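Q: Dropping the structure in here first, questions after.
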Amino acid sequence: MRDLILVGSGGCMRELLFQIEELNKEVPTWNVLGFVDEYFDENDENVKRILKKCPYLGRDEVLLNATEEMNVAVCVGEPYLRKKIAIKLRKNQMLKFPNIILSHTAVAEDAAMGEGCIISRGAMVSTGAVLGDFVFLNIDASVCHESVLGDFVTLSPKAGLAGNVTIGKESEIGMGAMVIQGIRIGERIIVGAGAVVVKDVESDVTVVGVPARQIV
């Protein structure tokens with residue numbers, strides 16, 4: 001198994017740790033050494049529970065000062081914060097950001113990914129799809145043929161993109177939201193849970209509803 005350090009202590013990290021445990025039951029893949037977090041809350045009951053099986057290693061300096069090569073997964077669902085952490089950690093060239101592909105996924109051989117992507121349990125990345133750096137597909141998210149996702153995009157659980165969809169960097173597609181074929185979504189977009197996007201969306205807005213409409 002390959003050693004791995006997780007970044008973060010929130011729900012995203014705890015979810016990923018669980019999924020890695022499930023993956024390892026089927027195919028031993030990742031040896032999680034522990035987690036780092038700049039704002040570790042030792043009084044959080046959920047964190048206390050995780051500490052029983054995943055030790056706290058310290059703040060970001062643990063990784064920034066690393067002198068040996070180490071695999072790191074940035075376990076933060078919110079795109080902007082994930083970007084902020086990734087930019088900070090990339091300053092240490094000893095840190096590597098492998099793509100974490102969990103169990104019961106379907107990733108086409110000709111799909112392309114950058115670094116640091118997380119493909120959660122049940123997610124699908126179809127033929128010709130392109131994912132940038134640090135893209136996060138949550139449980140049962142789907143990306144159909146030839147769709148393109150920019151850096152730091154997040155697809156929430158059960159979000160789905162039809163074919164030839166383009167999502168700009170740092171955008172977040174809410175739980176159960178759907179985007180029909182050929183749609184172009186700009187950068188830093190929030191698509192609300194359950195929304196259905198049927199026309200292009202410009203950058204820096206929030207859309208909700210069926211069909212999706214801009215509210216911010």
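Q: For the residues Leu23, Leu16, Leu137, what sequence is obtained by ranking on other C-beta atoms within 10 Å, fewest first?
A: So the ranking, lowest neighbour count to highest, is Leu23, Leu16, Leu137.
Q: Right, another one. Please arrange Met178, Met70, Met94 by counting, for each residue, the other beta carbons lying within 10 Å of its beta carbon, fewest first.
A: With the fewest neighbours first, Met178, Met70, Met94 line up as Met94, Met70, Met178.
Q: Running a GNM on the chain with Cα contacts under 10 Å, which residue among Val62, Val196, Val107 ends up with the highest mean-square fluctuation?
A: Val62
Q: Find out how many positive minus negative residues lie around Met124, taking Lys and Arg as positive, Asp and Glu as negative, among other residues whose Cβ is under 15 Å from that of Met124. Mind showing how you got there, number by number?
A: Values: positive: Arg121, Lys158; negative: Glu109, Asp110, Asp140, Glu146.
Its environment carries a net charge of -2.
Q: Treating the angle as unsigned and between 0 and 90°, give the value, to the nearest 10°, between the Cα long axis of helix 11-26 and the longest Cα principal axis of the chain.
A: 80
Q: Looking at segment 111-215, which trypsin sites (Lys or Arg not before Pro) are DSSP coil and have at most 13 other C-beta atoms within 10 Å of their C-beta? Working shown, then result.
A: Working: sites: Arg121, Lys158, Lys169, Arg184, Arg188, Lys199, Arg213; in loops: Arg121, Lys158, Lys169, Arg188, Lys199.
Listed in order of number, the matching sites are Lys199.
Q: Next up: Can you say what percent of the DSSP beta bridges in the chain, counting only those with both residues inside, are antiparallel? Round to 5.
A: 5
Q: Same structure again: Taking the chain as a Gaussian network, Cα atoms linked when under 10 Å apart, which of Gly168, Gly58, Gly160 shows the biggest mean-square fluctuation?
A: In this elastic network of the chain, the residue with the biggest mean-square fluctuation among Gly168, Gly58, Gly160 is Gly58.
Q: Also, quick follow-up: About the Cα centre, and with charges only on the beta carbon of Lys, Arg (+1) and Asp, Glu (-1), how big is the dipole of the chain? Nearest 20 debye, please.
A: Its charge dipole is roughly 200 debye.
Q: Quick one: check the C-alpha center-to-center distance for segment 93-157 versus segment 9-25, whole angstrom.
A: Each part's Cα centre sits 16 Å from the other's.
Q: Please report, in whole Å, how far the alpha carbons of the chain spread along each principal axis, starting with the longest.
A: 47, 36, 32 Å, listed from the longest principal axis down.
Q: By how many degrees, 0 to 90 and rounded to 10, does the Cα axis of helix 79-89 deviate from the longest principal axis of the chain?
A: Orientation of helix 79-89: about 40 degrees from the principal axis.
Q: Enumerate by residue number the trypsin sites (Lys or Arg not before Pro) in segment 47-90 meeting two conditions: DSSP loop (anything except H, G, I, E, B), and at most 16 other Cβ atoms within 10 Å of the site's Cβ. Please list the in-between numbers first.
A: On the way: sites: Lys48, Arg49, Lys52, Lys53, Arg59, Arg82, Lys83, Lys84, Lys88, Arg90; in loops: Lys52, Lys53, Arg59, Arg90.
Hits after loop and neighbour filter: Lys52, Lys53, Arg59, Arg90.
Q: Go ahead and estimate [θ] at 222 nm for the chain from helices alone: -39,500 (n - 2.57) per DSSP H run with n ≥ 4, summed, over the residue count, rounded to 500.
A: Counting only the DSSP helices, I get -5000 deg cm²/dmol.
Q: Here's something else I'd like to know. In the calculated pair distance distribution of segment 2-98, what percentage of Cα-Cα distances lie above 19 Å?
A: 38
Q: If R0 is 25 Å, what FRET efficiency do you get for Arg213 and Asn164 from their C-beta distance, rounded to 0.05?
A: FRET efficiency, Arg213 to Asn164: 0.65.
Q: My understanding is that a pair violates if its Cα-Cα distance is over 18 Å; which of Lys25/Lys53; Lys84/Lys169; Lys52/Lys83 do that in this structure?
A: Pairs exceeding the cut-off: Lys52/Lys83.
Q: Can you work out the base-10 log of I(q)/I(0) for segment 177-216 at q = 0.19, 0.23 1/Å, using the Debye formula on its C-alpha atoms alone?
A: Values returned for q = 0.19, 0.23 Å⁻¹ are -0.41, -0.62.
Q: Let me ask you something else. Could you put Asp140, Asp60 in order, starting from the residue whose Cβ has the fewest other Cβ atoms within 10 Å?
A: The fewest-first ordering by Cβ neighbours comes to Asp60, Asp140.
Q: To the nearest 0.05, how large is the calculated FRET efficiency for Ile180 and Arg90 if R₀ is 45 Å and r is the Cβ-Cβ distance?
A: About 0.80, to the nearest 0.05.
Q: Here's another thing I want to ask about it. Considering the Cα positions of segment 99-204, please state its Rg to one decimal place and its Dmax as a whole number of Å.
A: 11.8, 35
Q: Within segment 28-57, report the GluC sites (Glu not before Pro) that DSSP leaves as loop and that have at most 16 other Cβ atoms within 10 Å.
A: Glu38, Glu42
Q: Now for a different question. For a quick check: with amide H placed at 1.01 Å from N, whose amide H comes under 5 Å from Ile167's, ignoring anything fewer than 5 positions away on the same chain?
A: So Ile167 has HN proximity to Val148, Leu149, Gly150, Ile185.
FYI, it's all coordinate maths here, none of it is from the lab. Remember, it's a predicted structure, so these values are computed and weren't measured experimentally. Backbone-built Cβ (ideal geometry, glycine too); neighbour counts: all protein chains shown.
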